[in-house]
Amino acid sequence: MRRVNYILILSLLSIPAFGQENNVISTSGNYYMDVLIGVFIAAAVLLLAFAFVLLNTFKALAKELRNPSPLPLSEVVERLEYEDWKARQSKKPGIFSKILGLKPLEEEKDLLIEHEFDGIKELDNPVPGWFNLLFYGSIAVGFLYFITYHGTGWGQSQEQEYVSEMKLAEREKAAYLASSADKIDESNVKVSSEAGTLDAGKALFSTNCVACHGDKGQGSVGPNLTDEYWLHGGKIGSVFKTIKYGVPDKGMISWEKTLSPKQISEVSNYILSLKGTKPANPKAPQGDKEG
């Protein structure tokens, strides 16, 4: 048997040499012949491996036949009637019963308390541990809540939280308006009656617009800004556009490079606030009437 193993091993070792010879032969350039030789070598290797495994199997079988191994003794299984088997199975609590701490119905007779009243008996079935944990845990959380929000003042009440969130919203709004001030144009400018906006617009108007429109907007070289008549539109977008691009044909210069979009918006809103103020000695109406 050992000689056969040696012969198989020598045969496996001789395959590389056989392949080397074939490599020498394959220099002829015949691709299909090289593939055929490779397939033959692979088949030979698989065949020799199979023979090696089969040989070891026969060796193990022969050894077992000469010296049989003793069979392990099987455990004796107790034979039970169906009722006994069912009773044993019912005594094993399930996962759900273990989690909730439930007792099977078969154990009720062992849980009965001796005293009874009017035929009513009581079971000695205590509350499960998980329920007690939740119950006492909720008490602890309530106590900590009371200390945090009503005792020490560490936490904010609903009113305090509302005030702080409103302040935060105001800061975020101011930051947003500051970052978006340069994005205002005639298509998205909004009407504003805020005192800060009108005060800023009035200051800009007094500095840049009084010479042509008067200190009250009554008009001089330029048109009256307090009546209902407009040469180029009286809506907030039209006023913004007129200030931004100007009207060169009528002497109105463009303020686009002098004022920022935010400043033009402030001046536009201040001009709209002058409507109906009826200053002294107003200039005659010009343009079209707008309500």
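The values are calculated or read from the model by the stated rules, or taken from the named source; none is laboratory data. The structure presented is a predicted model; accordingly, all values stated were derived computationally and were not measured. Neighbour counts are summed over all protein chains in view; Cβ atoms, including those assigned to glycine, are modelled from backbone coordinates with ideal geometry.
The table that follows gives values for the structure above.
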| read-out | value |
| --- | --- |
| When residues of the range 247-272 are limited to those that are among the polar types (S, T, N, Q), in a helix (DSSP H, G or I) and within 43 Å of the chain's Cα centre (by Cα), the one surrounded by the most Cβ atoms within 10 Å (Cβ to Cβ) | Ser265 |
| Filter result for the condition that a residue is on the phi < 0 side of the Ramachandran plot and more than 53 Å from the chain's Cα centre (by Cα), over Thr242, Thr277, Thr197 | Thr277 |
| Members of the range 162-194 that are farther than 16 Å from Ser265 by Cβ and modelled with pLDDT of 90 or more | Tyr162, Val163, Ser164, Glu165, Met166, Lys167, Leu168, Ala169, Glu170, Arg171, Glu172 |
| Test: residue in the range 148-164 that is under 34 Å from the mean Cα position of the chain (by Cα), assigned to a helix (DSSP H, G or I) and either assigned by TED's automatic domain parsing to the domain that holds Glu256 or of a type in the set (A, V, I, L, M) (or both) | yes |
| Sole residue being touching a Gly at 6+ places or on another chain (Cβ under 7 Å) and either loosely packed, with under 14 Cβ neighbours inside 10 Å or under 19 Å from Gly276 (Cα atoms) (or both), chosen from Thr152, Thr207, Thr148 | Thr148 |
| Which listed residue is closer than 30 Å to Gly237 by Cβ, of a type in the set (Ser, Thr, Tyr) and in a helix (DSSP H, G or I), from Ser187, Ser138, Ser179, Ser193 | Ser179 |
